[in-house]
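Notes to accompany the following structure.
The values are calculated or read from the model by the stated rules, or taken from the named source; none is laboratory data. Just so you know, these numbers come straight off a predicted model, no measurement behind them. Methodologically, a virtual Cβ is constructed for each residue, glycine included, from the backbone with ideal geometry; neighbour enumeration extends over all protein chains shown.
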Amino acid sequence: MNRIEFLKTCGFGCLGLIGTASLLESCAGAKYLNGTLTDSFLEIPFDAFEVTKKEKKKFRKYVIVQHDELKYPICVYRQSASEYWALLMKCTHQGTELQVFGDRLQCPGHGSEFTKTGEVIKGPADTALRTLHVLVEKRILKIDLT
Ligand code: FES
C-alpha cells in the first residue's frame, strides 16, 4: 500500500468513526416522554430539558413528546429559557415519521431533511414541517395542538 492509498483508507475510516460517534451522541441525548393532554394542549414539565452533570445544570437541545392519542410524536427544541419550537414529526412528503439527529430531522422514507425550525433542507419534501406554538407557564410547557 502506498502513501496515498493509506491516507485514503484512513481518511474514510476516520469519517466513518466521526459519523458513528455523532449518531450515537444524538441517540444518547434524545429524551422521550409522555405528555399530559389537557383541553387542546399537550403539557410537559419544564425540567424535562434539565440535565445535572457533576452538580452543573445543563439543558438538552430537544425532547420528543408522545401521547397515545397522537399519531406522530412532537419534537420540542429549546432555543432559550423562554423560547421553544415544537415540530410535528410527520414528513410533509408522504407522512413518514421523522427521526431526530441533533439540529436536524430526517425522513427514513425518501431522505428529506428539515431544520430545527421546520424548514426543508433537502427534498423530495417541499413544504416546511407543521410547527406548534409553545407557551411557558409556571414551569410547564404547553404545546398548542390547535
Ligand atoms: S415520506 Fe419523507 S421524504 Fe418521502
Q. Would you pick out the residues in the range 108-146 that are in contact with a Lys or Arg (Cβ under 9 Å, 6 or more places away or on another chain) and surrounded by 15 or more Cβ atoms within 10 Å (Cβ to Cβ)?
A. 112, 113, 114, 115, 116, 118, 129, 134
**Q.** Subset of the range 106-134 [within 15 Å of the ligand (Cβ to nearest atom), within 24 Å of residue 146 (Cβ to Cβ) and in a loop (DSSP other than H, G, I, E, B)]
**A.** 118, 119, 125, 127, 128, 129, 130
(Q) Considering only the range 89-99, I want to know if a residue exists there that is assigned to a strand (DSSP E or B) and of a type in the set (A, V, I, L, M, F, W, C). (A) no
Q: Return a yes/no flag: does the range 102-109 have any residue that is under 17 Å from residue 72 (Cβ atoms) and free of Cβ contacts under 8 Å to residues at least 12 places away in the same chain.
A: yes
Q. Which residue out of 7, 23 is outside the structural domain of residue 131 (by TED's automatic domain parsing) and either under 14 Å from the mean Cα position of the chain (by Cα) or modelled with pLDDT of 95 or more (or both)?
A. 23
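Residues checked against (1) in contact with a strand residue (DSSP E or B) (Cβ under 7 Å, 6 or more places away or on another chain); (2) within 14 Å of the ligand (Cβ to nearest atom); (3) among the polar types (S, T, N, Q); (4) assigned by TED's automatic domain parsing to the domain that holds residue 41:
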position	(1), (2), (3), (4)
60	yes, no, no, yes
68	no, no, no, yes
76	yes, no, no, yes
81	no, no, no, yes
98	yes, yes, no, yes
101	no, no, no, yes
Q. On the given criteria, is residue 92 farther than 21 Å from residue 137 by Cβ, polar (S, T, N, Q) and away from the ligand (no atom under 15 Å from the Cβ)?
A. no
Q | Count - residues of the range 135-144 that are outside any strand (DSSP E or B) and either out of contact with any strand residue (DSSP E or B) (no Cβ under 7 Å at 6 or more places or on another chain) or more than 23 Å from residue 48 (Cβ to Cβ) (or both) | A | 1
